[in-house]
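The block underneath contains the structure these notes are about, expressed in structure tokens.
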There are 2 protein chains.
Amino acid sequence: MQAFQNYNSAFNALGDPTRRAIFEKLASRPLSVVHIAEGLTVSRPAVSQHLKVLREAKLISMVQQGTRSIYSVNSDGVQAMRDYLDRFWTESLENFKQIAEQTEKLKTKSNAANKKRSNR
Amino acid sequence: MQAFQNYNSAFNALGDPTRRAIFEKLASRPLSVVHIAEGLTVSRPAVSQHLKVLREAKLISMVQQGTRSIYSVNSDGVQAMRDYLDRFWTESLENFKQIAEQTEKLKTKSNAANKKRSNR
DNA sequence: ACTAACGGTAAGTTTAAACTTACCAAAACG
DNA sequence: CGTTTTGGTAAGTTTAAACTTACCGTTAGT
């Protein structure tokens with residue numbers, strides 16, 4: 001709830017197909033930039049830019065090993081997104097009952113209205 | 001895993017701040033378009049367009065009531081995103097140990113290298 | 001029937017995101 | 001040292017997303 005209000009950047013980061021591909025690659029194991037770029041159709045600089053976005057969204061983190069930058073998934077960031085969705089998931093589920101109830105009410109209402117109309 | 005491969009559209013949908021605001025509004029309770037637009041800074045047509053995006057991403061659903069279009073959060077779509085994140089969250093957590101182990105290995109390796117270098 | 005309310009869509013503009021090539025700096029290795 | 005590997009950044013282009021106004025069809029209310 002507290003530290004991560006970066007939901008926008010996080011969701012935005014995973015909204016891009018290329019970044020999603022990178023993210024999923026890193027989920028399987030930590031990789032250097034060249035390794036990440038290997039399977040992808042975009043250039044290596046493009047990958048670097050995507051990595052920056054993902055890192056700023058706290059979804060991945062980086063450790064330097066000599067000339068290599070090793071990227072890996074940041075579980076905390078992912079957790080934050082999960083929590084966010086959890087909140088609205090339960091919230092919407094609670095609403096579900098209310099919707100059902102209201103729909104019932106409205107059905108009887110509109111039935112009444114229909115009856116009224118057909119009475120004209 | 002099966003029915004929802006719309007992860008892109010879903011994450012993309014929540015990536016936009018205005019759509020996030022709409023989504024959160026709807027989480028508190030189902031609303032008509034004018035009600036949704038009420039608090040927001042953008043025009044009503046813009047809201048309609050955002051609603052379309054959210055609906056195509058299966059994050060919200062709509063029922064028609066006379067002239068009103070009542071929108072509400074689609075729990076299934078949210079659930080699908082949760083599942084997606086769950087998968088990569090656990091996956092990255094499993095990696096965490098491996099990273100730690102490998103980091104240990106690399107530390108001893110680089111220690112050996114440093115020793116070698118300082119021996120020159 | 002006439003008018004209000006509601007809301008979806010079309011057309012056009014503006015801004016920003018994704019990508020490219022080119023360049024550069026730092027570490028590694030012979 | 002020279003050179004290769006690695007990867008970040010800058011500058012510029014292109015495409016697409018977000019928004020606006022204008023318009024129209026449908027339902028509701030009087």
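Odds and ends about this structure:
- In the context of the full protein assembly, A:R82 retains an accessible surface of approximately 40 Å², using a probe radius of 1.4 Å and ignoring ligands and nucleic acids.
- Chains A and B, summed buried accessible surface - 1.4 Å probe, Å², nearest 100: 3100
- For the rotational copy relationship between B and A, the axis lies nearest to a chain B beta carbon, identified with its distance in whole angstrom as B:G15, 2.
- Within the assembled protein chains, the solvent-accessible surface assigned to A:D76 is about 100 Å², based on a 1.4 Å probe.
- Largest to smallest in accessible area, the residues B:R68, A:R44 fall in the order B:R68, A:R44 (1.4 Å probe, all protein chains included).
- Here A:H35 sits with roughly 90 square angstrom of accessible surface, probe radius 1.4 Å.
- Average beta carbon contacts from partner chains per residue of A:70-79, 10 Å cutoff: 4
- Label geometry 7 Å along the beta-carbon vector: B:S48 inter-copy distances in nm: 4.6
- Teacher prompt: B:V63 distances to equivalent labels in other copies, 7 Å Cα→Cβ, nm: 5.3
- The modelled label-to-label distance between B:N8 and A:R44, using points 7 Å beyond Cα along the C-beta direction, is 2.6 nm.
The values are calculated or read from the model by the stated rules, or taken from the named source; none is laboratory data. Being a predicted model, the structure only gives us computed values, none of them experimental. Don't worry about glycine lacking a Cβ; one is built from the backbone with ideal geometry, like all the others, and counts go over all protein chains shown. SASA here: full protein model, heavy atoms, side chains in, ligands and nucleic acids out. Shrake-Rupley method; radii C 1.70, N 1.55, O 1.52, S 1.80 Å.
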